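A short write-up of the structure that comes next.
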Amino acid sequence: MRTIIVVFLVLTVLLLTPLGVDGGYSGKSLILGLRIGFFNIRIMPRKKKQVKPKIPKKKKVPKHTAENAKAEKTPKKSFDIKEIKPLIKPALKALGRFRKKLRLDYLRIHYTFASDDPFKTAMGFGISSAALGGVLPLVENAFDIGERDIGTSFDFLSDEARFDCWITTTIHIWEILYIAIAFGIDYLKLKFRQKREDRKGKE
């Protein structure tokens, strides 16, 4: 009985564990990390490793055998869109479910407009503020946003614009499992419907 309870607790913790991406652009470099629960695993930028010089190897000349000749004569199969057509509708549904379940835990967008002309700086600041104000409602309607830090500014003392953004997204493992199962069910339903229609057509 204890073993069953322990297994149940472990599975519950795993299913409730959030997975996500934590990264952004800091003005000079792109930073990307993988979030698992409370832990962050840095993916980019990677530490530079010392690369040892490789000794060039002599290229081996392939022997012309009967198998090679047969492989050369065998034409490659061309891509047929009918093969992936049954996957399109279930995939779009899965993307819709994924979008609804995905959460933006943190979103930061800072844009400082600057140029060598004060008039252009003022105009650019107004345009960038209007653009951000138009895009932000679309993002809010598409995702559940938690903490946010969004704003634009201008700098008359600089001639280079600065952009800084950071995003933290998470989704629970049980939600990923739910999306995968729903995708499989939708795909099987579609295949079954197609087979039934093909049978009716033959009759």
**Prompt:** Say we look at segment 94-138 and pick out the residues that are within 26 Å of G20 (Cα to Cα) and of a type in the set (K, R); which of these is farthest from the chain's Cα centre (by Cα)?
**Reply:** R108
**Conditions (1) modelled with pLDDT of 85 or more; (2) not in a helix (DSSP H, G or I); number of the one not met by F79** = (1)
**Asked** Just to be sure, is Y178 under 19 Å from the mean Cα position of the chain (by Cα), farther than 21 Å from L30 by Cα and either surrounded by fewer than 16 Cβ atoms within 10 Å (Cβ to Cβ) or of a type outside the set (G, A, S) (or both)?
**Response** yes
**Item:** Residues of segment 148-159 classified as charged (D, E, K, R), open to solvent by 50 Å² or more (accessible area, probe 1.4 Å) and touching a strand residue (DSSP E or B) at 6+ places or on another chain (Cβ under 9 Å), total
**Value:** 2
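Just to be sure before I move on: is T169 under 25 Å from V13 (Cβ atoms) and in a strand (DSSP E or B) in the structure I sent?
So T169 fits the description; yes.
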**Request:** May I ask you to say which residue of G184, G134, G126 is within 30 Å of V10 (Cβ to Cβ), open to solvent by less than 50 Å² (accessible area, probe 1.4 Å), in a helix (DSSP H, G or I) and out of contact with any helix residue (DSSP H, G or I) (no Cβ under 7 Å at 6 or more places or on another chain)?
**Result:** G184
**Message:** Under 9 Å between Cβ atoms, which residue pairs at least 6 apart in sequence (or on different chains) link something in segment 17-38 that is in contact (Cβ under 8 Å) with a residue 12 or more places away in the chain and more than 23 Å from E175 (Cα to Cα) with a partner that is in a strand (DSSP E or B) and hydroxyl-bearing (S, T, Y)?
**Reply:** G24/T168; I31/Y25
**Prompt:** Is at least one residue of segment 100-121 free of Cβ contacts under 8 Å to residues at least 24 places away in the same chain, assigned to a helix (DSSP H, G or I) and open to solvent by less than 50 Å² (accessible area, probe 1.4 Å)?
**Reply:** no
**Prompt:** Looking at (1) open to solvent by 40 Å² or more (accessible area, probe 1.4 Å); (2) touching a strand residue (DSSP E or B) at 6+ places or on another chain (Cβ under 7 Å), which is the only condition C165 fails?
**Reply:** (1)
**Request:** Give, as residue ranges, the strands (runs of 3 or more DSSP E) completely inside segment 1-49 that count at least 1 residues that are within 23 Å of the chain's Cα centre (by Cα) and acidic (D, E).
**Result:** 18-25
**G184, sole failed condition from (1) touching a Ser or Thr at 6+ places or on another chain (Cβ under 8 Å); (2) at pLDDT 85 or above** = (1)
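The values are calculated or read from the model by the stated rules, or taken from the named source; none is laboratory data. Just so it is clear, the model here is predicted, and its values are computed rather than measured. Counting neighbours? That spans all protein chains shown, and the Cβs are built from the backbone with ideal geometry, glycine included. Only protein heavy atoms, including side chains, enter the accessible area calculation; ligands, DNA and RNA are left aside. Shrake-Rupley method; radii C 1.70, N 1.55, O 1.52, S 1.80 Å.
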